[in-house]
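S.K.: Starting off with a structure, shown below.
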Amino acid sequence: MNQWKNFSKGFIKESPTFVLLLGMCPTLGVTSSAANGLGMGLATTFVLAMSNWVVSLVKSQIPDKIRIPSYIVIIATFVTVVELTMQAYLPGLFKSLGLFIPLIVVNCIVLGRAEAFASKNPPLSSLIDGLGMGLGFSFALTLLGSIRELLGSGKIFNITLYSENYVMLLFVLAPGAFIVLGYLIALINRIKKA
Amino acid sequence: MAQRESTFGNMVIVLLLVTLISAGALGFVHDMTSGAIEAAKIKAQNDAISKVLPAFDELKPPVTVLPEGETDSVLVFPAYAQGQLVGVAVKTYSNKGFSGHISIMAGIDKGGNFTGYAVLEHKETPGLGSKMDVWFNNADKPGQNVIGKSPATTKFSVSKDGGDIDAITASTITSRAFLDALVRAYAAFEKTSGTLSGETAEKTN
């Protein structure tokens with residue numbers, strides 16, 4: 001029951017994107033299509049889960065004063081692993097996500113979870129927390145990307161739904177990201193209140 | 001386990017260990033993936049070359065051409081079918097895009113006409129400048145099509161600047177940059193065409 005809570009809170013109740021408003025930079029930057037949002041979300045999920053787990057394993061060995069640099073090194077290691085693997089086996093996705101993959105290192109969600117959760121909880125809970133938060137982030141990014149892609153280019157996951165002549169180009173550009181995010185936050189707040 | 005104390009010695013040892021372990025792990029992953037990364041890059045390049053040229057069976061190593069007054073060079077890949085030059089694929093670029101650098105693979109046949117192109121890298125506005133990957137390759141709209149044309153007979157600049165090619169609607173700057181890249185490709189083709197066909201003649205004899 002408790003582990004299920006650790007896992008599920010990332011989707012709505014403590015959704016990193018819609019409730020904690022962390023990691024706004026990749027959220028707004030990469031979600032011009034559903035596939036980009038999903039790819040970015042899953043890359044972040046891997047980093048979050050692994051770094052949470054490792055931080056939780058070594059937390060008692062790391063002196064308090066150097067915990068932040070140590071966590072950052074651990075996070076950066078996993079980010080580089082993702083970057084190299086993606087470059088080798090998913091070059092297309094790597095190209096469209098570009099700079100945002102190395103920038104996972106400074107994504108506030110990752111260090112935030114390491115500091116707020118993994119450094120105080122046992123390894124298994126931390127791993128599950130990381131997975132839940134990461135999948136919540138993926139869910140949010142995919143949702144945002146799908147809506148923007150649908151309104152802005154008439155497609156979802158590159159499947160054309162209606163003609164390009166009727167699209168609102170604004171939604172694949174930066175202002176569209178802010179508009180859709182705003183409406184989604186309002187909607188999530190409404191759901192949480194109910 | 002009790003928390004390790006923040007003494008100087010502890011901090012140095014722990015940080016050293018953390019960085020050493022991650023360096024080791026990264027070295028291992030790098031070794032595992034470097035071959036695949038290289039292969040993926042070459043595959044992407046070869047895919048682009050076969051997309052822009054008519055069928056060929058042999059691709060020679062590229063010739064590097066440095067355009068006048070530039071610091072970055074252009075790569076010319078000669079392609080042969082049964083020992084005869086069918087055309088060259090030119091990896092060209094322009095730095096005049098709306099958001100800077102654009103990299104394009106352009107195919108040019110023996111006669112100097114463009115046979116196709118593929119946009120390799122760009123940061124142009126989605127939905128506007130990014131349309132260049134289809135805009136200039138449209139047989140139904142001869143005004144904006146560049147395929148089958150040569151800068152020797154057609155003026156490769158946008159109609160707004162007195163040229164013969166129609167720019168992408170609302171993306172004149174991107175269109176200028178695109179044509180700039182093609183003209184650069186053509187210049188590189190002209191520079192190398194003499195040496196390339198000579199090489200074939202020797203090979204076929």
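The values are calculated or read from the model by the stated rules, or taken from the named source; none is laboratory data. The structure displayed is predicted, hence computed values, not measured ones. Using ideal geometry, Cβ is built from the backbone for each residue, glycine included, and neighbour counts are taken over all protein chains shown.
S.K.: A:Ser70 - would you say it is small (Gly, Ala, Ser), more than 9 Å from chain B (Cβ to nearest Cβ) and more than 15 Å from the chain's Cα centre (by Cα)? It would help to see each step written out before you state the result.
M.R.: On the way: small (Gly, Ala, Ser): yes; more than 9 Å from chain B (Cβ to nearest Cβ): no; more than 15 Å from the chain's Cα centre (by Cα): yes.
It is false that A:Ser70 is small (Gly, Ala, Ser), more than 9 Å from chain B (Cβ to nearest Cβ) and more than 15 Å from the chain's Cα centre (by Cα).
S.K.: Taking the range A:33-78, which residues are touching a Gly at 6+ places or on another chain (Cβ under 7 Å) and not in a helix (DSSP H, G or I)?
M.R.: A:Ser33, the sole residue that qualifies.
S.K.: Check B:Gly148, B:Gly127 and return the single one that is part of a loop (DSSP other than H, G, I, E, B), of a type outside the set (Lys, Arg) and within 30 Å of A:Arg148 (Cβ to Cβ).
M.R.: Details: B:Gly148 fails: within 30 Å of A:Arg148 (Cβ to Cβ).
Only one candidate qualifies: B:Gly127.
S.K.: Could you list, in sequence order, all residues of the range A:166-181 that are over 17 Å from A:Ile12 (Cβ atoms) and either part of a helix (DSSP H, G or I) or within 19 Å of the chain's Cα centre (by Cα) (or both)? Talk me through it step by step, then tell me what you get.
M.R.: Our first condition is that a residue be over 17 Å from A:Ile12 (Cβ atoms); within the range A:166-181, this holds for A:166-180.
If the condition is that a residue be over 17 Å from A:Ile12 (Cβ atoms) and either part of a helix (DSSP H, G or I) or within 19 Å of the chain's Cα centre (by Cα) (or both), then A:Tyr166, A:Leu169, A:Leu170, A:Phe171, A:Val172, A:Ala174, A:Pro175, A:Gly176, A:Ala177, A:Phe178, A:Ile179, A:Val180 are the ones that fit.
The rows are residues; the columns are (1) within 14 Å of another protein chain (Cβ to nearest Cβ); (2) touching an Asp or Glu at 6+ places or on another chain (Cβ under 7 Å); (3) under 30 Å from B:Gly35 (Cβ atoms).
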residue	(1), (2), (3)
A:Thr80	yes, no, yes
A:Pro91	yes, no, yes
A:Leu99	yes, no, yes
A:Ser119	yes, no, no
A:Gly132	no, no, no
A:Phe137	no, no, no
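S.K.: Still on this structure, I have one more. Does A:Gly182 meet the test of being small (Gly, Ala, Ser), surrounded by fewer than 18 Cβ atoms within 10 Å (Cβ to Cβ) and at pLDDT 90 or above?
M.R.: Working: small (Gly, Ala, Ser): yes; surrounded by fewer than 18 Cβ atoms within 10 Å (Cβ to Cβ): yes; at pLDDT 90 or above: yes.
Yes; evaluated as a whole, the condition is true for this residue.
S.K.: So, one more: In this structure, does B:Ile49 turn out to be without any contact (Cβ under 8 Å) to a residue 24 or more places away in the chain and of a type in the set (Val, Ile, Thr)?
M.R.: Values: without any contact (Cβ under 8 Å) to a residue 24 or more places away in the chain: no; of a type in the set (Val, Ile, Thr): yes.
Judged against the criteria, B:Ile49 is not a match.
S.K.: Given the conditions (1) in contact with a strand residue (DSSP E or B) (Cβ under 6 Å, 6 or more places away or on another chain); (2) closer than 30 Å to A:Gly154 by Cβ, which single one is not true for B:Lys191?
M.R.: Single failed check for B:Lys191: (2).
S.K.: Further question on the same structure: Residues being over 22 Å from A:Gly92 (Cβ atoms) and either within 11 Å of another protein chain (Cβ to nearest Cβ) or exposed (fewer than 13 other Cβ atoms within 10 Å of the Cβ) (or both): count how many of those fall in the range B:21-57.
M.R.: Final tally of qualifying residues: 11.
S.K.: So, one more: Restricting attention to the range B:111-120, does a residue exist that is aromatic (Phe, Trp, Tyr), within 23 Å of B:Glu70 (Cα to Cα) and surrounded by fewer than 21 Cβ atoms within 10 Å (Cβ to Cβ)?
M.R.: Checked against the condition, which is being aromatic (Phe, Trp, Tyr), within 23 Å of B:Glu70 (Cα to Cα) and surrounded by fewer than 21 Cβ atoms within 10 Å (Cβ to Cβ), the range B:111-120 yields no hits at all.
S.K.: Checking A:Asn52 against (1) out of contact with any helix residue (DSSP H, G or I) (no Cβ under 9 Å at 6 or more places or on another chain); (2) buried (at least 23 other Cβ atoms within 10 Å of the Cβ): exactly one of these is not met. Which one?
M.R.: All conditions are met except number (1).
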